[in-house]
1. Given C-alpha coordinates of the range 271-423, what is the ratio Rg to Rh with the Kirkwood estimate of Rh?
2. Exactly which trypsin sites (Lys or Arg not before Pro) in the range 174-223 are in a DSSP loop and have at most 15 other Cβ atoms within 10 Å?
3. Could you compute the FRET efficiency for Val153 and Glu384, with r as their C-beta to C-beta distance and R0 at 45 Å, rounded to 0.05?
4. Hey, for a label at Lys372 modelled as a point 7 Å past Cα toward Cβ, could you say which residues of the range 388-429 have their backbone N under 14 Å away?
5. Work out the charge dipole of the chain with +1 on the Cβ of Lys and Arg and -1 on the Cβ of Asp and Glu about the Cα centre, then indicate which of Leu402, Gln189, Val432 is farthest towards its positive end.
6. With the dipole of the chain worked out from charges on the C-beta (+1 for Lys and Arg, -1 for Asp and Glu) around the Cα centre, which of Val153, Ala328, Val466 lies farthest toward the positive end?
7. Normalising by the residue count of the chain, find the relative contact order in percent from Cα pairs under 8 Å and 6+ residues apart.
8. Could you work out what % of the accessible surface of the range 388-535 is carbon and sulfur, using a 1.4 angstrom probe and leaving DNA, RNA and ligands out of the count?
Amino acid sequence: CVVSSCFRASEEEQQAQSKKALKKQQKEAEKAAKKAEKQAKLVSVRQETQTLPMAHHCRMEGFLFFYNSCDYKSADRALVRVQDLTPEKAEQQIWVRARIHTSRAKGKQCFLVLRHQQFTVQALLAVGDRASKQMVKFAANLTKESIIDVEAVVKKVEQKIESCSQQDVELHVERIFVISQSEARLPLQLEDAVRPEGEGDEEGRATVNQDTRLDNRVIDLRTTTSQAIFRLQSGVCQLFRDTLINKGFVEIQTPKIISAASEGGANVFTVSYFKTSAYLAQSPQLYKQMCICADFDKVFCVGPVFRAEDSNTHRHLTEFVGLDIEMAFNYHYHEVIDSITDTMVQIFKGLRDRFQTEIQTVNKQYPSEPFKFLEPTLRLEYKEAVAMLRAAGVEMGDEEDLSTPNEKLLGRLVKEKYDTDFFVLDKYPLAVRPFYTMPDPNNAKYSNSYDMFMRGEEILSGAQRVHDAQLLTERAMHHGIDLEKIKAYIDSFRYGAPPHAGGGIGLERVTMLYLGLHNVRQTSMFPRDPKRLTP
C-alpha cells in the first residue's frame, strides 16, 4: 500500500513536471513567433525604403541602410556637425546626423535631444504643414541611441536650452531617416551615466557604478564626459610629441618582449617564447639608453607598459601608456629635469588654452579646481620634503620611501605653501631606486634621481643613469640581477656613452590628475587591472 501510494505520487510529480515543460515550450514558441513576425515587418520596411533613391525620397520618414557604401556623389546634401549649430546658422535648412539621446512626446509634438560626440542639440517635431501625425508618432517611437539623419531648419530660441551644449538654437525637423536602429533595452542609460555623484542620491535618481560602466564600455564611451576625457587625453599625446619634436627629440619604438625584467624586479608578466621564457617590458628604459649610446642624443617614445602588480588601487593598472623621455646632457642632469618640466608646462598650457570645452564638460559631472603650475617649476630636495612631513606630524626615516598617503599630504603642504599642483622632488635615497640610477657624488646615501607630482600623486619617475659599464655591473649585482640576461645592455656602455637622464610618465595618470578625477580607470579607454581582462 505504501509502495503503490509512493508510485502514484511520483507519477503525479512527473506529469506536473511534463505540463510545466510543455507550457514553457509553448511560451518560448509564441515568443519566437512574435519575434520572427516583428523581424519580418522590419525587413519589409527596410526593403521598401531601400528601393527609393537617396536623393528622391517621397516619404517623410523611414529607414535608410548604407550597407554597401553607395556612390557618395549621388548624395545632394552636406551633413552639418552638431557642434557647428550656432545662431549664425539661424533659418538655414540643414541636414544633421546624430544619435537620439532622449525623446519626449507631448500631444502633437515630439522633442528629441540629438547627440554627436560631446555635443547635443534639441530638435522639435510638430504636426503641421511639414510634419504629419504619422511622422511625429514615428519619431516618438524611435529607440534611444539610434543613429538618424534629419532635415531641419535652425531656429534661434528666446530662452537658453540649459540641458544641451547648443543652448541658443533648436532644430525644427521636416524629415527624419533612421540610419542604424538601436535595440530598445540599453545596458545603461546615458543620462544616468553623466549624472554627478551625489545628485542622484539626493533626488532618488540612478547613477552608474564603475563596473557597470566598464562592462559596457562602448556605451559608456559615448557619454559627453567620456568623449571629453579621451579627446583631452589625445591632446596630451599630441602636445607631448609636438613639444619634444620642437626641442630636437627623435621618436623611437622599443620592443615590448624582452629577455629580462627591465627594472630588475619580480613584478613582470612572463610569456612563453618558443622553447624559453620572456617578459613583457615594465619600461622602455634600457632601450632608450641604448639609443643615447647610439648618438641619438634626445629620444622619446609613446607605448604600452606592463606591470604585474596585484594593486587594486585608484591609480594602478597592469597595462598603461608610457610617455618616455631620455636625453644626453652636457654638464648636469638638471638640464634634463628642466627640459622635462618645460615639456609638462607646455602640455598644461596647451590643455588650458585649447581644451576648455572638454574641461568644462568633465567639470559638470566631476567638479574640480583648475590645475595650477608655476614657471619655472618648483623643485624641492627629498630632505626638504621629509622635513615638511615631519613638521606636519609624520614619523619617517631619512632614507624611507614616500608612502601614498604621505605623497598626498606632501602635495597638500606644497599647495598651501607654494600654490602649485605640479612640482619636482629631487635627490631620492639611492636604496629605493632601480639599479641603473646614478649615486649622488656628494652623498652616497642619495641619488641623482627625481619624481614629478601632480595634485600630490607621482606621474613621473626618473634619474641620471649609470653610463659606466663597471659601475653598472656593480649596481646590478647589488640588486641581485642575473648579469647574463642584461649583458647586451651593459655592453652598450663599453664603447663610450654620454652622460644622460630621463623619465617615464603615465598618460592615464596625467589625464586623471589634470582633470581632478579620482580613478585612473576613468582615463583608460579599456583598462586592465588584476581583476579585469575584458572588454
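1. Values: Rg = 19.2 Å, Rh = 19.1 Å.
When Rh is taken as the Kirkwood radius, the ratio is 1.01.
2. Values: sites: Arg175, Arg185, Arg205, Arg213, Arg217, Arg222; in loops: Arg185, Arg205, Arg222.
When the trypsin sites (Lys or Arg not before Pro) of the range 174-223 are filtered for loop state and at most 15 Cβ neighbours within 10 Å, Arg185, Arg205 remain.
3. Details: r = 64 Å, r/R0 = 1.43.
Approximately 0.10, to the nearest 0.05.
4. What the label zone holds, given the 14 Å backbone N cut-off, is 411-423.
5. Gln189
6. With unit charges placed on the Cβ atoms, the residue in question is Val153.
7. Details: 908 pairs, mean separation 61.4, N = 535.
Relative contact order, the chain: 11 percent.
8. Numbers: 3180 of 6210 Å².
Percent of accessible area from carbon and sulfur atoms in the range 388-535: 51.
The values are calculated or read from the model by the stated rules, or taken from the named source; none is laboratory data. Because the structure is predicted, anything quoted here is derived from the model rather than measured. Every residue, glycine among them, receives a Cβ derived from its backbone with ideal geometry; neighbour counts consider all protein chains shown. Note: areas computed on protein heavy atoms with side chains; ligands, DNA, RNA excluded. Shrake-Rupley method; radii C 1.70, N 1.55, O 1.52, S 1.80 Å.
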